[in-house]
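Report on the following structure.
The values are calculated or read from the model by the stated rules, or taken from the named source; none is laboratory data. Keep in mind that this is a model prediction, so the values were computed, not measured. So basically every Cβ, Gly included, is an ideal-geometry build from the backbone, and we count neighbours across all protein chains shown. Ligands, DNA and RNA are excluded from the accessible area calculation, which covers all protein heavy atoms including side chains. Shrake-Rupley method; radii C 1.70, N 1.55, O 1.52, S 1.80 Å.
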Amino acid sequence: MRQFLFSLQKLDRRIIFVGMALSIFIPLLLPFSLPFKVSKEVQATYDQIEALPKGAPVLISADFDPSSMPELWPFFQANLHHMFANDLKPVFVTLLPTAPPLIWPEIKKTASLYKKQYGEDYVFLGYKDGKELVIKNIGQNIPQQFPQDYRGTPIASLEMMQGIKQAKDFPMLIAISAGFPGINEYVLQIQGLYKLPMIGACTAVSGPDYIPFFKSKQLLGLSMGIPGSAKYERLVQSKENVQPFSATGAKSLNVLSLSHLYIIFLIVIGNFAYFMTRDMEDEDGPG
Amino acid sequence: MDPVSIYEIIGVWVSIFLTLTVFSFLYDDNPIYKLSEHIFMGVTIGYGISESYWGVFKPNLLDKLFVWEDGQFAGESIYFLALLLCVLLLFKATSKWSWLARIPIAILVSAYAALKITGETTAKLMLQLQDSMPDLHTSWNRHGIWDWSNDGAGVFSDTFLVISLMAILLHFYFSKIPSKTEKWGYPLAGIFFLLCFIACFFLSPLQDSLIGSLIVSLSLASCAAMPFLAISPARKSLSRFGVWVLMLSFGASFGFTVMGRVSLAIGRAQELLGHNMSTERAEQVMPQTASFVSLLVIAISLFWWSRRKKDTEIACRLSLQQWAFSSFRFLFGFGCKASMNLCWDFGLCRWESRNFGSLRSI
Amino acid sequence: MRTTIPLFFGFVVGFFMLGDYFIPHWTYQLIKGYILEFGTLLASTAFLLGIINLIQVNLPKIIAREKDWFYKVVMLVSMVITMVFGFVEGGARMDDDQIYKWIFDYILTPLSATMFALLAFYIASAAFRAFRARNADATILLIAACIMMLATVPVGEQIPFFGDYLLHLKSWLMDVPNVSTRRAIFVGAALGTISTGLRILLGIERSHLGGD
Amino acid sequence: MIYLLWMLLCFTHAREALIPIESVTVAAPPNDSGTHLTISWRLRNDTFFHVVNDQNQIVQTLPHHARSLSISDSKTAKNWMVYALNDPSPSLQQVLAEGTSLSLANDTDNLSWSWPGLRQGYAVLRCTPQGNHNCEDHRGNWSVVRKGISPLDRSYEDVVSNNPLQDPIRERYAYRVVTLPVEYANDTKIDFFSLLLNYGSSSSTAFGTPQATWWKNIPGIYTLLFFIFGTGGLIFFFTAQAQRGKKLTIRKIPGIDAIEEGIGRATEMGKPVLYVPGIESLEDIQTIASMLILGEVSKTIAEYQSDVIVSCMVPIVREVADEVVKSGYYRAGHPDAYDPTSVRFISSDQFAFCAGTNGIMYRQKPATNIYLGRFFAESLILAETGFANKAIQIAGTAEVTQLPFFLAACDYTLIGEELFAVSAYLSDDPRLLSSLKASDWIKIVIIVFLSLGVIAASFGSTIFHQLLSISQG
């Protein structure tokens, strides 16, 4: 037994890798649910959107790329369902060139589930290069920055865009951002100037940078990384009139939880084995 | 639904195959991984060259220097100097004149070193120090000694921040302090601690809170004593404390990063399973089939390779390698021979075996 | 002479650049801007020397049919292919239907992302090996890491009594010890920069200037 | 016809909504390079926000664009009230009598209120006086330098010349600010004439002269000089002491001693040493420090007659490393043993470099891996591969985010400043060692500074903050 514990300390790396791979693939292939609480930042996100009146336009800036998809995609998907189920009118823009092929098919698909018409119930303005400058211009003059939508239709001819000239004309701004340009720039360029109610969804790594914005009420809601996305997704899924959609956030969250638990488990066994066999030092020491 | 172009389908299949080859490196270094590693290096070097030409060389040198207007030279002549420096650097490739390349190198190294002296001192030294001088009285008024609802903000955290900063700096203290000087450390620290404590206590603006002024004065007095403790023998224990704070922060930073790294792996797994594309696209591209086929190809070649390796390596350690070997054998059973034959017929392995003649010696 | 001339140029340019923070005058800033631009030009010229080195390292191996020679051929060929498409397709190289873009999207991006994703596995094995409570330092490291890992996933919140505090503790670790460590390392690095920089400017360190 | 109608519409609309500019001033910003001018303007009825506390004191007056205030000094009062008034410096009576009360806050850290922003944007016009045109009227070479300035802005910094060699700086510049409805603020079609024709509400002309300064005059600059010249002076002082025969003693640094042991081990095993100088270019001081260390390391390797492989990601770093290793071999007395293929350019992509270096570890099996310099995500991949190949690993970086991984996966880790001490420590040259001693002294100065700073800050003095301030003005 002691010999086994001793050899356990020098476990082949590849066995650890197999365990990690299992903790990643099992939750993705076989969905199950672990319990979690909804944090106040995410609850606030949900409540703020719920509080919007029917038919209100909402500006959504979806700025994520394939590499940040695992963290932000579930939020975006749940957000789409939330928008359409509440009869809100989202206007989508993006500041990353890789985003349109990711988001446009999903927007169309979800809209058709709720029988929403393009131009009347939702609009996709597409991608614009220029980073911070675009954000500044969205604050001042949307028709000038986006004369046409993603499909090339002049936005003056879209029913929904009548009367929308500036960011101020939206009662709510949602920034789903993977980095630069993102929440930080939106807060500085638009929210700070026009006092626009704003919600943010960001990756876990940049989360701590945005907590001060939430505390100072500049962001009314904040969803950070996979945990935030999964919690928001759970809230939206439990709404009455929402069409069913796959819980990608919960799946990823299970991966996270499992892999964290797995690493902690490894640390625990490593230490257990170490303490049981502390007197059995060999020439080059364990590990 | 628009049909997906054949280039895209090939692209997705190639990218899935390459993804799995890189993951096969987790098992061990192997020929298939080596192949994709070298493709990777080659492609990135080619990419780097072309980007540095289009992004730097052309706009910053060629477009500024070689400009002709009506047959007249209209470039900025100062860029001849840049051209000269670049040519001097290229002399490095010669053997006789290679020392000339040291001129641009010397200029570059000293220029950047000099810029960094002021840059790092302002950004990393002065600004950081500026942020590390908290107002403890205000902190007491707002949070008291420790405020759970504000993530532990308060006098304790502020003092901890300052003292641990000093302690870590002491950990980087390289000199030895002469014992003559060391003797003065403790008495001076004591005197200054007392003086500062008394002064702060009586001058404290927190007149209505005795405990508050006591705690704040104690904290300030210990800050005041720090410089003298730094030259006393207590330096060693302070530096120990500094190391603990370093470990606390490194541990936290490690734990925090795990989530980001796992998210990356989730991203790759989603691509392998085709979760990152719409269902209609996935029906045409068939990423799961691609993953399965690639996995099979890689597994077979790994198996083939480890047999080769086993032939040449006399002593194979009792390790996962054998475990994996036997599980492969279990998985493929007798089919392995048949699949090998299939692979041979496919032409893939035959082609490989001809060109990878050197593989046997691994 | 072979060391003195470069040393002289380095000295002059170095002391000139030291004025960056003190002299806002446009004449100074303009010259500084040129020097920095020449720096980036030199860096991309060095690419050419890098390729020469690459060929120097690999070609003899290919010719001598040394071990792994075939891979070297693959590397050089894929380099040339990418480079050729990069130059031929020119300004339009990143447009949708270009081969250069295809190579970028389907070879470079997945390989890069997967290399990066290997970290998820390595982080587990590094944690398993390093986090043993051998001494006080290692124990602190291990406890902080476990707190952080538990607190970043919902499992941590589920722990009775301790769950709520765990989140605050996590924020405290990020706000206090992490900040003081970061600052101390920054300050130390800045001090190191001053002394290293001065050593180079004063010509005390000159190993980058060659030997003979 | 429709166009004319539209213009008329704009015209009337603009005339109704626009509030004229009261005054425009042009001034050179302080400590400027001589290429900027700041144009600032005020509106006739600009609002100011006055925060009054329950002891009837005006705590703070905020400019028109402010919408919130974080209250740091909670000692003074429990309640605050915000008043909006056009006057920038009124008396308390005026505020209470004429101001619009906006927001009341009790016992809070954050005060916020709402106030409509104006629906007018601004454009700035510039003219350089030349010959007969003194720019007093519409004649002269006026041009629009900036359109679409936000309603809440009241100043704009203009760059008068991007490159004074090609576009010389003039003696005097004239500026005007034009108000226009915010909808047209960004209209690209608007040029100078249509601006004036359509909107017409231009301010009067204001003149300004750029001022180029040769010396930045802010308190932080002197502190910066103190740090640089203090260190320089101490280096000279200790070098002189060492030359007079005083021994400089430096404590043992285990990580650095391990480098030499590692080289010895590699020699015994007949395997090479792998040296990775990080993945940053020469612009980073850690790379430069790493190059200096490589000089010492390669000298030791040459003395042991062992082999070194340097794997570089940045081409220019390879060229410097090549020079450095060559000089190391030269100094060790074995210039012929140097092999230029041992310093390798791998790839300019982070992860391709990582893959290539992994390949070297797997195929050439170095016995010792030394990672010194600036690393990012590849740190753990390299260190883990090195571990799998049973190499002794010594790492050192000042990159805080990667230190935990090196610490976990390497045998020895040099943290932060230790990296900069390595070359001096290894070389044993008194001139280099004196620089270590100098920065130790500066460290004590910093600790004294910090403790005085905390005490001063706790008693409300910001003198130490100002000494470290490097922002303009």
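Below, the figures for the structure above:
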| item | result |
| --- | --- |
| Residue that is most open to solvent (accessible area, probe 1.4 Å) [pool: residues in the range B:51-81 that are among the β-branched types (Val, Ile, Thr) and either farther than 27 Å from C:ARG93 by Cα or touching a Ser or Thr at 6+ places or on another chain (Cβ under 9 Å) (or both)] | B:ILE78 |
| Evaluation of A:LEU222 against (1) crowded, with 19+ Cβ neighbours inside 10 Å; (2) more than 24 Å from A:ASP65 (Cα to Cα) (one fails), failing number | (2) |
| Selection from the range B:102-121 of residues that are open to solvent by less than 10 Å² (accessible area, probe 1.4 Å) and either among the small types (Gly, Ala, Ser) or touching a residue at least 60 places away in the same chain (Cβ under 8 Å) (or both) | B:ALA106, B:SER110, B:ALA111, B:ALA113, B:ALA114 |
| Qualifying residue in the range D:455-462 (condition: buried (at least 21 other Cβ atoms within 10 Å of the Cβ), in contact with a Leu (Cβ under 7 Å, 6 or more places away or on another chain) and more than 30 Å from B:VAL216 (Cβ to Cβ)) | no |
| Helices (runs of 4 or more DSSP H) (entirely within the range C:1-115) containing at least 3 residues that are surrounded by fewer than 16 Cβ atoms within 10 Å (Cβ to Cβ) | C:4-18, C:26-63, C:69-89 |
| Some residue of the range B:237-254 being in contact (Cβ under 8 Å) with a residue 24 or more places away in the chain, part of a helix (DSSP H, G or I) and among the polar types (S, T, N, Q) | yes |
| Residue identified as open to solvent by less than 10 Å² (accessible area, probe 1.4 Å), small (Gly, Ala, Ser) and in a helix (DSSP H, G or I) among B:GLY185, B:GLY267, B:GLY190, B:GLY260 | B:GLY185 |
| Test set (1) buried (at least 19 other Cβ atoms within 10 Å of the Cβ); (2) outside any helix (DSSP H, G or I) - A:LEU258 fails condition number | (2) |
| Subset of the range C:165-212 that is in contact with an Asp or Glu (Cβ under 8 Å, 6 or more places away or on another chain) and touching a residue at least 24 places away in the same chain (Cβ under 8 Å) - its residue that is surrounded by the fewest Cβ atoms within 10 Å (Cβ to Cβ) | C:GLY210 |
| Those residues of the range D:36-72 which are farther than 28 Å from D:PRO20 by Cα, of a type in the set (Gly, Ala, Ser) and outside any strand (DSSP E or B), in sequence order | D:SER72 |
| Evaluation of A:TYR232 against (1) away from chain C (no Cβ under 14 Å); (2) buried (at least 22 other Cβ atoms within 10 Å of the Cβ) (one fails), failing number | (1) |
| Unique residue being in a loop (DSSP other than H, G, I, E, B) and within 14 Å of chain D (Cβ to nearest Cβ) when the list is A:LEU196, A:LEU188 | A:LEU196 |
| Residue that is farthest from A:ALA56 (Cα to Cα), among those in the range A:100-132 that are surrounded by 18 or more Cβ atoms within 10 Å (Cβ to Cβ) and within 12 Å of chain B (Cβ to nearest Cβ) | A:LEU102 |
| Criterion violated by B:LYS96 - all others in (1) closer than 20 Å to D:ASP339 by Cα; (2) within 38 Å of the chain's Cα centre (by Cα) satisfied | (2) |
| Answer from A:LEU80, A:LEU72, A:LEU8, A:LEU22 - the residue that is in contact with an Asp or Glu (Cβ under 8 Å, 6 or more places away or on another chain) and outside any loop (DSSP other than H, G, I, E, B) | A:LEU80 |
| Residue within the range B:236-255 that is more than 7 Å from every other protein chain (Cβ to nearest Cβ) and of a type in the set (S, T, N, Q) present | yes |
| Those residues of the range D:274-306 which are among the aromatic types (Phe, Trp, Tyr) and touching a Leu at 6+ places or on another chain (Cβ under 9 Å), in sequence order | D:TYR275 |
| The listed residue being over 15 Å from C:LEU18 (Cβ atoms), at pLDDT below 90 and either outside any loop (DSSP other than H, G, I, E, B) or not polar (S, T, N, Q) (or both), out of D:GLY262, D:GLY245 | D:GLY245 |
| So D:LEU407, is it open to solvent by 10 Å² or more (accessible area, probe 1.4 Å) and either of a type outside the set (S, T, N, Q) or at the interface with chain C (Cβ under 7 Å from one of its Cβ atoms) (or both) | yes |
| Residues satisfying the stated conditions in the range B:124-159, i.e. in a helix (DSSP H, G or I), within 8 Å of chain C (Cβ to nearest Cβ) and crowded, with 19+ Cβ neighbours inside 10 Å | B:LYS124, B:LEU125, B:GLN128, B:LEU129, B:SER157 |
| Given (1) within 25 Å of A:SER223 (Cβ to Cβ); (2) part of a loop (DSSP other than H, G, I, E, B); (3) of a type in the set (Gly, Ala, Ser); (4) modelled with pLDDT of 80 or more, index of the condition A:GLY179 fails | (4) |
| Residues of the range C:73-101 classified as over 15 Å from B:THR44 (Cβ atoms) and at the interface with another protein chain (Cβ under 7 Å from one of its Cβ atoms), total | 1 |
| Residue that is most open to solvent (accessible area, probe 1.4 Å) [pool: residues in the range D:430-453 that are over 27 Å from the mean Cα position of the chain (by Cα) and at the interface with another protein chain (Cβ under 8 Å from one of its Cβ atoms)] | D:ARG431 |
| Top-ranked residue in the range C:115-133 [being aromatic (Phe, Trp, Tyr) and within 13 Å of A:ALA21 (Cα to Cα); ranked as nearest to the chain's Cα centre (by Cα)] | C:TYR122 |
| Residues (more than 9 Å from chain B (Cβ to nearest Cβ) and aliphatic (A, V, I, L, M)) located in the range C:10-27 | C:ILE23 |
| Residues of the range D:327-386 classified as on the phi > 0 side of the Ramachandran plot, open to solvent by 30 Å² or more (accessible area, probe 1.4 Å) and out of contact with any Lys or Arg (no Cβ under 7 Å at 6 or more places or on another chain), total | 1 |
| Scope the range D:238-249; condition under 34 Å from the mean Cα position of the chain (by Cα) and of a type outside the set (Phe, Trp, Tyr); matching residues | D:THR239 |
| Top-ranked residue in the range B:232-247 [being open to solvent by less than 40 Å² (accessible area, probe 1.4 Å) and hydrophobic (A, V, I, L, M, F, W, C); ranked as nearest to D:ILE446 (Cα to Cα)] | B:LEU238 |
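Condition check ((1) assigned to a helix (DSSP H, G or I); (2) closer than 30 Å to C:TYR122 by Cβ; (3) more than 9 Å from chain C (Cβ to nearest Cβ)) across all residues:
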{"position": "B:LYS34", "(1), (2), (3)": "yes, yes, no"}
{"position": "B:SER52", "(1), (2), (3)": "yes, no, no"}
{"position": "B:PRO59", "(1), (2), (3)": "yes, no, yes"}
{"position": "B:LEU81", "(1), (2), (3)": "yes, no, no"}
{"position": "B:LEU84", "(1), (2), (3)": "yes, no, yes"}
{"position": "B:VAL87", "(1), (2), (3)": "yes, no, no"}
{"position": "B:TRP99", "(1), (2), (3)": "yes, no, no"}
{"position": "B:ALA114", "(1), (2), (3)": "yes, no, no"}
